[in-house]
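The structure appears right after this line, and notes come after that.
No value in this document is a laboratory result; all are computed from the given coordinates. Please read these numbers as outputs of a predicted model, since none were measured by experiment.
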Amino acid sequence: MVVGGPLAVCCPQVSGRRPLFLVGMMGSGKSAVGAALAARLGAVFIDLDQRLERLSGHCVADLFARSEATFREVEASALRSLCAEPGFGGAGAVVATGGGAVISAANRTLMSTVGRVCYLDVDVETLVKRLCAPGEASRRPLLRGRDVRQELVKLQELRGQYYRSAEIIVNGASPIPQVVEEIVGAL
């Protein structure tokens, strides 16, 4: 299993399957579900935030400190480079995207053209509980110094239509093994 690295090896169990892009709000479990799903499928797991950090040489927080626009451009570049890798389109990889990756129409089109998109739908109350756990909110640049609930409601209103356009929608508030099995069933 590769986390955030280039797609080096195509796993035989998923050869010929399209990549699956997980989308959803921060705290929806994209990374945790993605890693578990990739393990379940014998697939490669890629965390897009880790990939963009490696490619840019800057952490997410530093890129956001410059501006959200700077971060979004680096994020889009990391997604484009991943999708352009030879063999990626048939590798069956599981990709955890950043929560705002769906803002860009180009990103949405690329993900749905190259692979399948799965939305981890999690209610705001569950997100607040997850993101208010010790150390969580401080790791999220969009939440620093802000009212977590209010910010999540605002982001959900801005992004909800894009999330709901995903080919697959699952309840991401369920336990991880249950979410994984629901996604496997939908595939």
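Okay, here's what the table says:
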| quantity | calculated |
| --- | --- |
| Extension reserve of the Glu157-Arg40 stretch, reckoned as 0.36 nm per residue once the Cα distance is removed | 38.9 nm |
| Net length gained if the chain between Asp147 and Gln178 were fully extended (0.36 nm per residue, minus Cα distance) | 8.1 nm |
| Phi-based couplings in Hz for segment 175-182 (Karplus 6.51, -1.76, 1.60; Gly and Pro marked x) | x, 3, x, 5, 4, 4, 5, 5 |
